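Reviewing the structure listed below.
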Amino acid sequence: VGAQYLEPFLLWQGQADAAIAKSEPGGDAEELSRCMGKLLEVAGPGAHDDIVVFFLSHMLRHFLGVAGGQSTLAPQFYITALRHLLEVLAGRGSPITLTMLWANLDDDRKFQPHAVESLLRASLLLPAELDTAMARALSTGPGPRAAAAAELLTHLCKALILRDHLLGYENFASSLDTLHKLATAAQAGGGGPAIDVQLALVEQVKRIGQVALVATRPGAEIAVAVRSDKLDPPLMREQVHQLFEQWLRLVTGQPGAASFAVNPSAHGVSDAERAGVLGCLNALKNTGMFKDEVLLERMLRCFIDMAVVHAQSQAEAAVVNARVIDAPELYLAVDGFARLLVAVTVHGAGEAFLGRALGVLVGCVKRDADERGPAFNGRPHMRLMVGVMAELPGGNASTSSGAEALDPQGLRYLRTIAVALHALQPLSVPGWAFCWLEVVAHRSFMPRLLLSPAAQGWSLYEALLVALLRFLEPYLRNSDLNDSIRALYKGTLRLLLVLLHDFPEFLCEHHFPLCDVIPTTCVQLRNLVLSAFPRSMRLPDPFTSGLKVDLLPEIKEIPRCQAVEPGQGALGELRHAALREALDAYISGRQPASFPADILHALKLAPVEAKAAGTAYNVPLLNAIVMAVGAAVRTITSPSHPHGMDIFKSLAHDLDSEGRYLALNAAANQLRYPNAHTQYFSCVLLMLFAETQHDTVKEQITRVLLERLVVNRPHPWGLLITFIELIKNPRYAFWSHAFTCNTPDVERLFKSVAASCMSSGAQTALPPNSVNGAPGNPGAAKHGEDKA
């Protein structure tokens, strides 16, 4: 039917390819613009649908052939041309899409990895249709088509899911499941390294998918100027090399120049040293890099690559020569470039330049991690990031006793660094996770950010901690800890210990979003967060006999908490779920009466989401509801407000065992230092225990409290107070319940914890025949390890 259209298409294609070949070296777009105009003349708005579809189909075939070649301009040009033709069809209401044409191609080239990736990034192919086609091709059995589909799927998972996080497991669920079945069957028959790689890939993508449903994933596409040097201007590399050498000679040989470079007001600097620094900065300016963003990216990438290669070559030479090399010598070029970035920043370019420079560094880390895989060494990049932080104004100030006040400019610099670190979080670049954690915990970053005036840096640091915990969450939840994840987990514990000791107010205010991403299995990790209390407060001894908690002056104070800030935390989560207004109405007047039942329905996840999350319930929403109810009723009336208790009773009695456990955990997360929320949720748990007629509910309340006490210290103050009240007060008849003595091991555990939690004057509250134990660590009853 389209034979008459073949000659004009081939004529246009020849002209386009010639224009691309002519334009590529110098980047001249004039010829390409003329070709695009001719295309729209032949197959534009005035052309018949048949010719537009013919051009579209044949151009797609041609694109599949050129996308994997050496040219970077050809794929971009043909993607633009394809988009123009699709817009012509869409303007006429035609149902034809590029995905339909691609699926109907009887050509194995349609699985060409780079071509399909480019079409997906340009939103010209639909992932769902592509998933179906790949699954169908994989199911055809061994052969070239199945092998091509497997190669394509592997490439897309690495590039779009694991590296850049533009898509998720759910986008390729059918093809990944098919690949997993085939690889499992092949492994059973002997398999091989390639089969093992495929199985590992599927498992890794599934783990990433488990957090994708609740996480805002980072990782924008790496800029072309950062990923490739193919279009670098002639002699640019030689020019950068010359400038770099000149700068290194200056700052390594003249201490005054090094000081002036990062501090324009430095003292003891000679005129010659000032002139040398300003001369180098002017030489950079004369390259035109500050007027052309693409050229700036290319030159910064070249600087970074040279610094990294220098460090790697120094390390390799040290190994070959069997000599020990100290860090300043090893990272001479890296440290010099860090000082150059800071010099350009503080001598006028400001945080806008710093942001662009760090953006290029982010791209280089992602590129190198992607290209080198397990061989990737991120230490030079880490040293560069730390060097920039240390050289910025105030970066080396002592922060142990309240550092110098961070000025607004310094805070903007730190905010720029925090944005770069968020883009490099472990979910985005797993191979840089240990380097990332070291930078986030560095003395030039963490203390300065957390000591910023009016806590302006706290939300930034919270975002980084949440990113770290989101990466660990699926491994911890599934107890899937290899040596690397175990080491990263221990590093996270140590970081939280530092925060608990030096910055407890930060943990007090941000406990809710942190607990939101800590799995229920990580009891000790959660206890670390919840044990924080303000340094100005002196905690009452929870073991004091006759302690009247309700008479403590702090117990009436509403704690400052991100969960209940307007538009954030629990309130933000409820507004997103359209429950906030209904909650306010129910608390104030018990209307609508169906609200508790509506909550139960809103908490259930769809089957696909439940499978990925590992639970049938929307845990962040459940945490938000529990926190919001407590915050709402505690601000208007007494802790025993009946409307609030109606909601908690519904959660305790109408949810199944899993949902009830999650709801009780959400309430226990508020048992912290003396404050109004601690008192309210302590009363809620004790009232539920006293009033419920179901032993299952009583047993789960006990479990939630007990499992937080049998791990190593620290233990939250509110948790101890609640458990001591539960086992001492005759109203609860705790020891009369069968679950406290249904097996000898359980009975011994309860007696041991009770003995540890009770004061010496209250031992009579222990059950009969118990052995009085000296108060000590409740964790002695059980190994003091987290379940994870």
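The values are calculated or read from the model by the stated rules, or taken from the named source; none is laboratory data. All values derive from a computational prediction rather than experimental measurement. Cβ: placed from backbone, ideal geometry, glycine included. Neighbour counts: every protein chain shown. The accessibility values were calculated without ligands, DNA or RNA, using every heavy atom of the protein model including side chains. Shrake-Rupley method; radii C 1.70, N 1.55, O 1.52, S 1.80 Å.
Checked against the criterion of being in a helix (DSSP H, G or I), within 16 Å of the chain's Cα centre (by Cα) and either over 24 Å from Glu203 (Cα atoms) or touching a residue at least 60 places away in the same chain (Cβ under 8 Å) (or both), the range 495-514 has at least one qualifying residue. Exactly one residue out of Thr97, Thr140, Thr80 is farther than 26 Å from Tyr5 by Cβ, of a type in the set (Ser, Thr, Tyr) and open to solvent by 20 Å² or more (accessible area, probe 1.4 Å), and it is Thr140.
Of the residues making up the range 467-484, those that are free of Cβ contacts under 8 Å to residues at least 60 places away in the same chain and crowded, with 19+ Cβ neighbours inside 10 Å number 3. Of all residue pairs spaced 6 or more apart or on separate chains, those with beta-carbon atoms under 6 Å, a first member in the range 586-612 that is free of Cβ contacts under 8 Å to residues at least 60 places away in the same chain and of a type in the set (A, V, I, L, M) and a second member that is surrounded by fewer than 15 Cβ atoms within 10 Å (Cβ to Cβ) and assigned to a helix (DSSP H, G or I) are Leu600/Asp654. Close contacts from the range 328-357, counting a first residue that is open to solvent by less than 30 Å² (accessible area, probe 1.4 Å) and a second that is among the aromatic types (Phe, Trp, Tyr), with Cβ to Cβ under 6 Å and a gap of 6+ residues or different chains, come to Phe337/Phe303; Leu340/Trp247; Val344/Phe353; Thr345/Phe353.
Residue check: Pro542 meets all listed conditions (1) in a loop (DSSP other than H, G, I, E, B); (2) within 15 Å of Glu462 (Cα to Cα) but one, namely (2). Can you find even one residue in the range 451-458 that is at pLDDT 90 or above and open to solvent by less than 20 Å² (accessible area, probe 1.4 Å)? Within the range 451-458, none of the residues are at pLDDT 90 or above and open to solvent by less than 20 Å² (accessible area, probe 1.4 Å). A count restricted to the range 436-466 and to residues that are touching a residue at least 40 places away in the same chain (Cβ under 8 Å) and at positive phi stands at 1.
Of all residues in the range 229-277, those that are of a type in the set (A, V, I, L, M), outside any helix (DSSP H, G or I) and surrounded by 14 or more Cβ atoms within 10 Å (Cβ to Cβ) total 3. The number of residues in the range 513-554 that are surrounded by 14 or more Cβ atoms within 10 Å (Cβ to Cβ), over 13 Å from Asn675 (Cα atoms) and out of contact with any His (no Cβ under 8 Å at 6 or more places or on another chain) comes to 18.
Hey, can you tell me all the residues within the range 102-116 that are buried (at least 18 other Cβ atoms within 10 Å of the Cβ) and farther than 13 Å from Gly65 by Cα? Correct list: Trp102 only.
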